[in-house]
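Report on one structure; see the data block that follows.
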Amino acid sequence: MNDSIRSTQTDVLIVGGGPAGLTAARELRRLGVARVTLLEREAETGGIPRHCFHPGYGLRDLRRPMNGPTYARRLSDLAIAAGVDVRTETTATRWSDSELGLLVTSRLGVETIRATAVILATGARERPRSARLVPGDRPDGVYTTGELQQAVYLHKQPVGKRAVIVGAELVSFSAALTLAHAGVEVVSMLTEQPRVQTFPTVPIALGLRQRFPILTDTSVTRINGDRTTGRVIGIEITGPPGSRTIGCDTVLFTGDWIPDHELARLGGVRIDPASGGPLVDTSLRTSRPGVFAAGNLVHPVETADLCALDGKALAATVADFLDHGPGSADVLEVQAGDGIAWVSPGLLRIGAPAPHGRFTVWPAQALAGVRLEVRQGTRVIKRKRLLDGAVPGRPIHLVSDWQSGVDPAGGPVCVWIRGN
Amino acid sequence: MDPDYDLVVVGAGVVGAALAREFSLTGLRTLLVDAGDDVGCATSKANTAILHTGFDAKPGTLESTLVSRGYRLLADYAAAAGIAVEPIGALLVAWDADQLAALDGIDTKAKKNGYLETRAVGASELRELEPDLGHGAVGALAVPGESIIDPWSPPIAFATEAVRNGVTLQLRRRLTSVEASDARTLLSFETGPNLTTRWLINAAGLGSDLVDEMFGHRRFHITPRRGQLIVFDKLARPLVNHILLPVPTAMGKGVLIAPTVFGNVMLGPTAEDLTDRRATETTAEGLATLLEKGRRLMPKLLDEEVTATYSGLRAATEHDDYQISVDEKQRYVCVGGIRSTGLTASLAIAEHVRSLLAEVGVDCELIRESKPPAMPNLGDQTPRPYQDATRIKSDPEYGRIACHCERVTRGELRDALVSTLAPTSVDGLRRRTRAMNGRCQGFFCAANIQVEYPVVQASPGGNS
């Protein structure tokens with residue numbers, strides 16, 4: 001069966017045609033890299049924004065507000081216009097055994113694509129019901145936002161009448177908009193956290209008109225299905241007033257993102273156990289020479305425009321790598337201290353500022369009125385007051401202006417949260 | 001007037017499907033009916049997917065004989081039909097001195113069952129064989145013949161062969177009563193028309209005692225024994241090399257860790273005796289128990305994501321053997337109490353039942369050769385279409401991956417919809433292709449696949 005495996009060569013091979021991958025590809029071409037090949041396993045590039053029909057995309061990268069599908073098309077068009085070899089319905093299935101490269105499957109067959117550099121931009125997915133170990137029946141009507149949005153917007157499928165949304169992150173409100181569009185009533189939204197996991201202005205900014213109760217400190221303890229129809233009939237929840245059942249025919253598990261890191265792990269790159277993504281330095285280099293990573297694979301999750309800005313920053317790193325080789329491997333660890341789950345990038349390359357001048361800091365627990373501190377040893381090199389507190393699901397952006405204050409010989413840097 | 005059928009098999013689980021296949025090779029006009037909307041969609045779909053040697057059966061029982069014979073029959077059939085089997089072997093792992101001592105008894109039992117290939121494994125060799133086992137394993141008994149198998153394809157393959165040989169399959173037909181007269185038995189169903197048959201075989205699994213009662217017997221009672229299982233991500237697969245079995249002791253049966261032919265790792269099952277025959281839900285306590293045990297057995301397993309949780313009901317009875325008997329006067333065969341070994345024993349059970357019928361004078365000589373259908377390969381150990389350059393060249397649809405986590409191509413989805421036993425539910429499509437069964441549970445592909453590859457629901461009582 002291996003007699004017809006072709007082998008080709010490219011300069012940069014990018015896996016994943018979402019905002020990070022498309023932008024990195026376009027910028028690499030702009031920087032004069034001859035052969036940039038981008039693999040997208042879906043029929044169309046654009047990634048998650050393809051099915052997010054709400055506004056707010058493109059703000060910080062294209063500097064023009066637009067909805068998800070428009071943004072996805074725009075980034076795709078720009079990449080193609082820049083001369084990127086975009087290959088859709090093409091899946092990287094494993095790493096090539098010898099040189100740097102990947103085995104891919106497409107309608108053209110099985111092929112090995114060798115590359116001087118590989119960029120992993122495979123994104124993230126929401127943790128589904130099963131992975132959250134929510135017990136009960138296994139009826140129809142249980143969705144993630146990804147499946148829901150594709151069913152509603154791309155395929156005009158009916159989804160139900162009354163929905164409960166599990167999670168109160170940015171994406172959860174995006175899901176509420178999708179449900180409203182589909183004529184589904186949101187019975188309530190619930191989160192295990194003590195507060196909403198995004199900014200209070202988000203529902204307004206998204207144009208969400210429907211009002212529904214948001215139950216905090218609340219978790220789902222069981223899903224009830226009708227054994228005859230096979231459809232959801234309700235969920236059991238437990239929260240401050242105790243346990244009760246909410247009647248609904250649709251349950252949406254939103255957010256709680258996991259990076260799609262299979263290829264990264266199979267490639268032997270070091271993984272940050274807290275985020276699940278590849279551990280990268282401020283140049284977005286992974287532990288494997290020639291392999292880079294960007295976007296929500298690395299920081300699950302940030303908004304699409306920041307992923308695109310990752311891609312832009314990474315293009316410069318990779319172009320430099322193609323011209324001058326890997327460069328110094330000297331890095332300092334950026335440790336996640338008290339109250340923090342992970343920081344991305346998790347390694348500081350001396351002299352290389354974080355992509356688009358920000359670190360993403362993911363809170364491990366909800367805290368009101370806190371400040372963030374960056375320390376090296378006992379020395380505090382940055383303090384930031386967090387007026388709106390911290391809550392898991394909502395990233396904190398730490399501007400990288402403190403990097404110049406780091407002592408290259410001073411050991412690891414630690415980011416932590418302190419109560420006021 | 002002749003009855004509509006010579007033989008009706010009630011229940012299209014793996015045993016019923018194997019019976020239908022067996023009799024499809026005879027001259028008997030056979031009907032296979034099931035209350036569900038697919039073959040193998042109750043107990044047969046949710047098990048531990050192990051092809052048992054029968055080493056630990058109770059010696060001298062019918063179960064012991066049929067499991068040991070069925071093991072060879074199913075291994076051969078699977079090889080001919082292209083159903084995935086991996087002969088990875090099992091290790092019964094002892095965690096204390098009592099369990100270690102109990103291994104001797106199990107070894108003796110295995111030999112009484114005619115299984116002679118067991119081997120004692122010391123603690124240090126065990127560590128080499130399974131480096132990721134938790135601390136404290138003191139030894140093991142190796143059972144090299146134990147294998148893992150694709151549990152979904154056998155009933156589909158058996159029923160496919162039966163239907164191709166002229167057996168009628170009717171789904172969504174729940175039997176409600178039987179009325180036996182001299183030459184035939186009248187069967188009534190919840191949906192669809194009544195029909196008549198000369199002989200009836202009860203392979204109704206969890207409902208087998210109820211069907212037995214319809215014939216006036218009270219010989220056994222089914223106690224649904226629920227087994228909850230957790231399936232871990234494929235990235236956990238390198239952690240486990242063998243089927244890791246618990247040593248049954250007076251303290252009860254433990255849980256096992258086993259790879260699946262789909263490339264995942266499963267942890268389970270629980271064993272909960274219930275009364276509700278439809279209680280296939282998972283529970284917080286059940287899952288917590290499994291995680292607690294799993295953490296001790298293999299701590300690293302718990303670091304991986306969970307892909308799925310499910311639960312199945314085993315048809316346990318108060319007896320410790322299969323309940324197989326022929327009532328010549330009622331022209332009725334009971335094939336009840338087939339417990340978790342049913343998958344392995346299925347073909348041997350069918351063979352046994354045919355010989356019982358021949359003994360009472362039913363003309364059921366084999367008149368045609370078995371032709372196992374070519375089943376799509378769902379296993380990861382042999383090349384799947386997405387890896388097969390030659391196949392993609394001849395049909396590019398095998399190069400278009402639609403379900404990314406399980407790497408199921410459009411070619412395979414298309415084939416499933418036009419197969420002899422086309423799926424009539426989304427779950428049926430899942431069991432035939434693996435699509436939507438992976439780590440994302442449909443985040444990326446489910447909406448697309450359900451629109452582009454729509455299944456046609458079975459009409460109640462309609463022929464498939």
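Quick look at the values:
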{"quantity": "Protection-proxy order for peptides A:223-235, B:1-13, each taking the mean of Cβ atoms within 10 Å per residue, highest first", "calculated": "B:1-13, A:223-235"}
{"quantity": "Length-normalised contact order of chain A in % [C-alpha pairs under 8 Å, at least 6 apart]", "calculated": "15"}
{"quantity": "At R0 = 51 Å, FRET efficiency that the Cβ-Cβ distance of A:Arg270 and B:Ala422 yields, to 0.05", "calculated": "0.65"}
{"quantity": "Per residue, the convex hull volume that the Cα atoms of chain B enclose (Å³)", "calculated": "143"}
{"quantity": "Three-way shape call for the stretch A:107-235 based on the alpha-carbon gyration tensor, with the a/c threshold at 1.5", "calculated": "prolate"}
{"quantity": "Rounded if a/c under 1.5, otherwise prolate or oblate - the stretch B:385-452, Cα gyration tensor axes", "calculated": "oblate"}
{"quantity": "Relative contact order [Cα under 8 Å, 6+ residues apart], the stretch A:166-317, whole percent", "calculated": "16"}
{"quantity": "Normalised per residue, the volume of the convex hull around the Cα set of the stretch B:196-276 (Å³)", "calculated": "172"}
{"quantity": "Principal axis box of the protein assembly as shown, alpha-carbon based, largest edge first, Å", "calculated": "94, 63, 61"}
{"quantity": "11 Å cut-off, amide nitrogen to a point 7 angstrom out along A:Arg209 Cα→Cβ, residues in the stretch A:177-192", "calculated": "A:181"}
{"quantity": "Candidate lysines for bridging to B:Lys109, where Cα separation is under 27 Å - those fewer than 8 sequence places away on the same chain excluded", "calculated": "B:Lys58, B:Lys253, B:Lys293"}
{"quantity": "Electrostatic dipole magnitude of chain A [Cβ: Lys, Arg +1; Asp, Glu -1; Cα centre; debye, to 20]", "calculated": "860"}
{"quantity": "Mean accessible surface per residue for chain B, computed with a 1.4 Å probe while every protein chain stays in place, in Å²", "calculated": "38"}
{"quantity": "The stretch B:344-407: GluC sites (Glu not before Pro) in DSSP loop, at most 13 other beta carbons within 10 Å", "calculated": "B:Glu365, B:Glu369"}
{"quantity": "Size of electric dipole in the protein assembly as shown: Cβ of Lys, Arg +1 and of Asp, Glu -1, about Cα centre, debye, nearest 20", "calculated": "2340"}
{"quantity": "Cα lying deepest toward the dipole's positive end in the stretch A:330-420, options A:Pro412, A:Leu347, A:Ile396, charges on Cβ", "calculated": "A:Ile396"}
{"quantity": "Cα gyration tensor, the stretch A:25-105 - rounded (a/c under 1.5), prolate or oblate", "calculated": "oblate"}
{"quantity": "Value of [θ]222 nm, deg cm²/dmol, for chain B, DSSP H segments ≥ 4, -39500 (n - 2.57) each, nearest 500", "calculated": "-9000 deg cm²/dmol"}
{"quantity": "Label-point gap, in nm, between B:Leu291 and A:Thr88 - each point 7 angstrom along Cα→Cβ", "calculated": "4.0"}
{"quantity": "Reachable lysines, given that their alpha-carbon falls under 30 Å from the alpha-carbon of A:Lys384 and they are not under 8 places away in the same chain", "calculated": "A:Lys312"}
{"quantity": "Dipole of the protein assembly as shown, positive direction: furthest Cα of B:Ile230, B:Phe444, A:Thr317, with charges on the beta-carbon", "calculated": "A:Thr317"}
{"quantity": "Loop trypsin sites (Lys or Arg not before Pro), the stretch B:165-251, which have at most 11 other Cβ atoms in a 10 Å radius of their Cβ (DSSP)", "calculated": "B:Arg218"}
{"quantity": "Taking all pairs of distinct alpha-carbon atoms in chain A, Kirkwood radius in angstrom", "calculated": "22.4"}
{"quantity": "Given charges at beta-carbon only (K, R positive; D, E negative), |dipole| of the stretch A:128-255 in Debye", "calculated": "160"}
{"quantity": "Alpha-carbon radius of gyration plus Dmax, which is the widest Cα pair, for the stretch A:168-253 in Å", "calculated": "13.4, 42"}
{"quantity": "Spatial separation of Cα centroids for the stretch A:364-393 and the stretch B:93-169, in angstrom", "calculated": "53"}
{"quantity": "Among A:Ala180, A:Ala131, A:Ala341, residue whose mean-square fluctuation peaks in a GNM of chain A (springs only between Cα atoms under 10 Å)", "calculated": "A:Ala131"}
{"quantity": "Computed log₁₀ I(q)/I(0) - Debye formula, equal Cα scatterers, no solvent, the stretch B:137-177, q 0.21, 0.28 Å⁻¹", "calculated": "-0.85, -0.99"}
{"quantity": "Spatially proximal aspartates and glutamates relative to B:Lys111 (Cα-Cα < 14 Å; intrachain offsets below 8 disregarded)", "calculated": "B:Asp56"}
{"quantity": "Compactness of the stretch A:330-420 as Cα Rg over 2.2 N^0.38 Å, two decimals", "calculated": "1.00"}
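The values are calculated or read from the model by the stated rules, or taken from the named source; none is laboratory data. Bear in mind the structure is a predicted one, so any value in this text is a computation, not a measurement. Positions of Cβ are generated from backbone atoms using ideal geometry, with glycine treated the same way; all protein chains shown enter the neighbour counts. Please note that ligands, DNA and RNA were not included when accessible areas were found on the heavy atoms of the full protein model with its side chains. Shrake-Rupley method; radii C 1.70, N 1.55, O 1.52, S 1.80 Å.
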